[in-house]
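Have a look at the structure below, then the notes.
The values are calculated or read from the model by the stated rules, or taken from the named source; none is laboratory data. Keep in mind that this is a model prediction, so the values were computed, not measured. Please note: Cβ atoms are built from the backbone with ideal geometry, for glycine as well, and neighbour counts cover all protein chains shown.
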Amino acid sequence: MKIVSVEFEVSAPELRACPAWALPEFAFIGRSNVGKSSLINLLAARRDLAKVSDLPGKTKLINFFVVNGAWSLVDLPGYGYAEVGRQRRMEFNTAVADYLAGRRNLRGVYVLIDSRLPPQAIDLDFLQWLEGTGVPWGLIFTKTDKQSDAKTASAIAQFLAALPAGRAVPEVLRSSSETKRGRGEILASIGRRLAEAGRAAG
Ligand SMILES: Nc1nc2c(ncn2[C@@H]2O[C@H](COP(=O)(O)OP(=O)(O)OP(=O)(O)O)[C@@H](O)[C@H]2O)c(=O)[nH]1
Ligand SMILES: [Mg+2]
């Protein structure tokens, strides 16, 4: 799919404040610091469209970017990190949960997983919750530039083996905002989901 234009539209603190338009939407979620905002910039081929930081918890709002005037990319706050005074604790943002469970024009959610880590309970728990929403989802293993392809392949196999038995194998993609790996595949995946949604509507 060719990207002709990407425009930042709005940031919303919660579902109620999200724009009313009916463009098909694709959202990116995952642990804080996994690389969601970097991936949006990779897809958009724009360096500073979404705000990136070394420190977890950078993205705090639901950010909408309209692509080709036809569909939206949504950058979400991460889960698994919250600053509470000087303590850190696990947290899942209720605004994000409301958005994922209640946004009617959401056509797909890409769940980002750090390719360098063994399966994390918080990601597996999140996926279990996401299944309950009925929104179609896929996995993107990020930061593949940081290790060999063999290590990434083994991390992916371990993660898939940790998913509940009997489920269909989800779509699996790989990305690196450093090498630009995955851009074409992820845009093609979005293109397929848009075509499916178009067929279902027509
Ligand atoms: N080497 C490498 N670094 C990456 C990659 N993607 C992201 N990073 C780095 O990881 C850090 C976090 O990236 P972000 O894109 O801000 O992560 P995020 O998931 O949006 O984080 P929050 O908004 O805090 O939830 C930054 O320092 C990025 O430069 C990648 O593919 N390769
Ligand atoms: Mg972010």
Problem set entry | Odd one out for residue 108, checked against (1) at pLDDT 95 or above; (2) under 16 Å from residue 140 (Cβ atoms); (3) within 16 Å of ligand 2 (Cβ to nearest atom) | (3)
Problem set entry | Residue check for residue 149: touching a residue at least 12 places away in the same chain (Cβ under 8 Å) and of a type in the set (D, E, K, R) | no
Exercise. Among 193, 199, 174, 183, which is in contact with an Asp or Glu (Cβ under 9 Å, 6 or more places away or on another chain) and basic (Lys, Arg)?
Worked result: 174
Exercise. Which one of these does residue 63 not meet: (1) touching a residue at least 40 places away in the same chain (Cβ under 8 Å); (2) loosely packed, with under 15 Cβ neighbours inside 10 Å?
Worked result: (2)
Exercise. Looking only at residues in region 16-50 that are over 17 Å from the mean Cα position of the chain (by Cα) and assigned to a helix (DSSP H, G or I), which one is nearest to ligand 1 (Cβ to nearest atom)?
Worked result: 17
